[in-house]
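Read through the structure below, which is laid out as structure tokens, and then see the notes.
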Amino acid sequence: MTTVGYWFIGFALAYTFLLIVVSRVARKRARDGNGFFVGGRGFNTFFVMVCITGLFSGSSYIAILELSYHTGISAIWYGVAETVHVLIIALLLIAPFRKRALVTISGLLGDRYGEKVRGVAGAITAFTFPMWSVATALAFASALSVFTGVSLVLSVALTALLLFVYLQFGGMWSVGFTQMSNVVVFFIMLAIGTYAFFLNPGIDGINRLFTEKPEYAAWDTAGLQTILAWFGTFLFNVILAQAAFQMALSCKTPEQGRRGLLYASLLGIPLIVGAVIFGLSAAQVVPGEARGLIAVPLYLMKTLPAPLVGLFFLGFWAAALSWGAPCQFSGATSLGRDVGKALNPKATELQLVRYTKWSLLVLTGLMVGFALLRSEQSAWWNVVAWVTRNSATFAPVVAALFWPLVTKRAALVSLFTGAFSGLLWYHLSGWAINDFYLNVHPVWIGMTFNIITIVTISLIENAGRWEWSVSFNSLGFYTFVFAIGLITLSIVSFPLLHQNGLIGVVVSLIATSLFISCINFFKEKERIINERKEWRIG
């Protein structure tokens, strides 16, 4: 182990002790189910801000650091996509979801479609969250191994164990207090990284990098397909961001939740910019490494004294914890609260809390198990998680919010067809990270089948109970025209779209647009009659 490793281990032990103490304090505020799952709806603007900053900025920081080492300033688009995602949630979704007293997305589906859907959606959601947790933990572990020699799997196991311990105590209050600590460490890390940048390579060094390798100064080096995939991931995930919702909706009022999200988007900007700068600095000082997360610690070890390098990577660990804690807790809430309620509808809130604590242990084991299965490619787990959950739950969630015509059977079947088709397509891709079958990302296939299933079964089962109602001045008509335009574009420009990996995005947009048209055009007959009566009275 290097000198830096000893400093990091010392900082990490002290920080671990701090987190456990803080969690013990949080335990006093989580005396019932409401306090455990959503902080008793008592979070103020500050708590929402630090929770969301920790969740998104922590994971984005690690991702952008890696990306910028290889693709230069174009990595910043990942941060832009993440920021747009947070802003949409703040401006459009917090108020209506807070009024619904939403806890989880799987709970929302269960309330609308019954216990079978609650159980299946809860299980799918729960088992994907450890995949996201392990992806970020493995990314951190790869950097940690440079100066400690600790194996990737052991590093993930220690991270998972710490998450399990402090989440057991206070639930959402533990998340809130520890996210506050993590964000403080983020900005200590940012300050140290900025100091390192000015020491070596400085502005002149970055200019030399741009001169020698002009692709690092280009805004599109990451590739159009990749950049659009980032935006597509975050935009389609807006309505499914359960961990973010669970934290933000722990707010006292919708206004405080909205402000917290808006402030978090601003607080994330220096972290996004800092990650790009540090990745570029590593590319200049330590070129030629296969992984940016290996190059960055090597760069810092050449630039800073050991204590500062150790403290910088404490921030790296805080970033992994700040993403992993909400993911593990939200997944455990879906498994314990929603699957538990589906299996035992008469369960009390205290029983559901107990189920959730057991679920945390299960997800801790899964997180370590996933690391054992595939530790060499952390990003792979992100793809599997995104494909599985989004392919299953996208259409049912949209329908639960906006289309009463959907039946319970349609929602249940769509969970399976969406996830199965997405994972089958991924299987045909050989489970690769970037090289997908027919150059189409599997999530677009899964979401498309998800939509087709829920629309088809609902219309068949409701035959005779719905009516076709078209208005040329409605959102449904505009999305229908948009879909026709995309279909025309895909026919005319198919070779170009396919070559650039965009055909899947276009197909998914067509399916989503037609789905919105169906929501607007197909309505229950009684609802149509009531609307007409109200119009005549008005």
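The values are calculated or read from the model by the stated rules, or taken from the named source; none is laboratory data. Everything quoted here is computed from the prediction, not taken from an experiment. Heads up, the Cβs are rebuilt from the backbone with ideal geometry, glycines too, and the neighbour counts pull from every protein chain shown. We work out accessible area using only protein heavy atoms, side chains counted, and drop any ligands, DNA or RNA first. Shrake-Rupley method; radii C 1.70, N 1.55, O 1.52, S 1.80 Å.
A few comments on the model shown:
- Stretchable slack from Ala432 to Ile203, in nm (0.36 nm times residue separation minus alpha-carbon distance): 78.7 nm
- Low-density loop cleavage sites - chymotrypsin sites (Phe, Trp or Tyr not before Pro) in region 413-474, where at most 10 other Cβ are within 10 Å (DSSP): Phe472
- Note, ³J(HN,Hα) from phi for region 47-64, Karplus 6.51, -1.76, 1.60, rounded to Hz, x at Gly and Pro: 5, 4, 4, 5, 5, 6, 4, x, 5, 7, 5, x, 5, 5, 4, 5, 5, 5
- In the complete set of protein chains, residue-level accessible area for Ile206 is approximately 20 Å², probe 1.4 angstrom.
- Counting only lysines at least 8 places from Lys252 when in the same chain, those with an alpha carbon closer than 23 Å to its own are Lys28, Lys99.
- For the pair Asn44 and Val238 in one chain, pulling the backbone fully straight at 0.36 nm per residue adds 67.6 nm over the alpha carbon distance.
- 3J(HN,Hα) along region 302-317: 7, 10, 10, x, 3, x, 5, 5, x, 5, 4, 7, 5, x, 4, 5 Hz, from the Karplus curve 6.51 cos²θ - 1.76 cosθ + 1.60 with θ = phi - 60°, whole Hz, x for Gly and Pro.
- P(r) tail, region 151-218: Cα-Cα pairs separated by more than 13 Å, 76% of all pairs.
- Gyration tensor verdict on region 374-425 (Cα atoms; rounded if a/c is under 1.5, prolate if a/b is larger than b/c, oblate otherwise): prolate
- The loop-placed trypsin sites (Lys or Arg not before Pro) in region 301-364, going by DSSP, that have at most 15 neighbouring Cβ atoms within 10 Å of their Cβ come out as Lys346.
- Stokes-Einstein D (µm²/s) once Rh is taken as the Kirkwood radius of the chain over alpha-carbon pairs, at 4 °C in 1.567 mPa s: 54
- With protein chains left intact and a 1.4 Å probe, residues in the chain average 39 Å² of accessible area per residue.
- Sulfur and carbon atoms: percent of accessible area, region 20-155 [1.4 Å]: 63
- Taking 7 Å steps out from each Cα toward its Cβ at Val80 and Leu343 produces label points 4.7 nm apart.
- Whichever lysines have a C-alpha closer than 18 Å to that of Lys408, once near sequence neighbours (fewer than 8 apart) are set aside: Lys116, Lys341, Lys523
- Put simply, the amide H of Phe43, placed in the peptide plane, has neighbours under 5 Å in Cys251, Lys252, leaving out anything fewer than 5 places away on its chain.
- Accessible surface for Ile457 stands near 40 Å², nearest 10, in the context of the full protein assembly shown (1.4 Å probe).
- Mean separation of Cα contacts under 8 Å, 6 or more apart, over the residue count of the chain: relative contact order %: 24
- All Cα-Cα distances of region 395-538, cut into 10 Å bins from zero to the largest, leave 12, 34, 32, 16, 5, 1, 0 percent in each bin in turn.
- Gain in span if fully extended, Arg24 to Leu228, counting 0.36 nm per residue against the direct Cα distance: 69.1 nm
- Sparse-neighbour loop sites [chymotrypsin sites (Phe, Trp or Tyr not before Pro); region 128-237; at most 12 other C-beta within 10 Å; DSSP]: Trp219
- Measuring max minus min along each principal axis, the C-alpha atoms of region 220-350 give extents of 61, 37, 31 Å (largest first).
- Principal-axis tilt of helix 3-27 within the chain, Cα atoms, nearest 10 degrees: 40
- At R0 = 22 Å, FRET efficiency that the Cβ-Cβ distance of Ile9 and Leu161 yields, to 0.05: 0.90
- Note on region 91-224: along the principal axes its Cα atoms extend 61, 37, 26 Å, ordered by decreasing extent.
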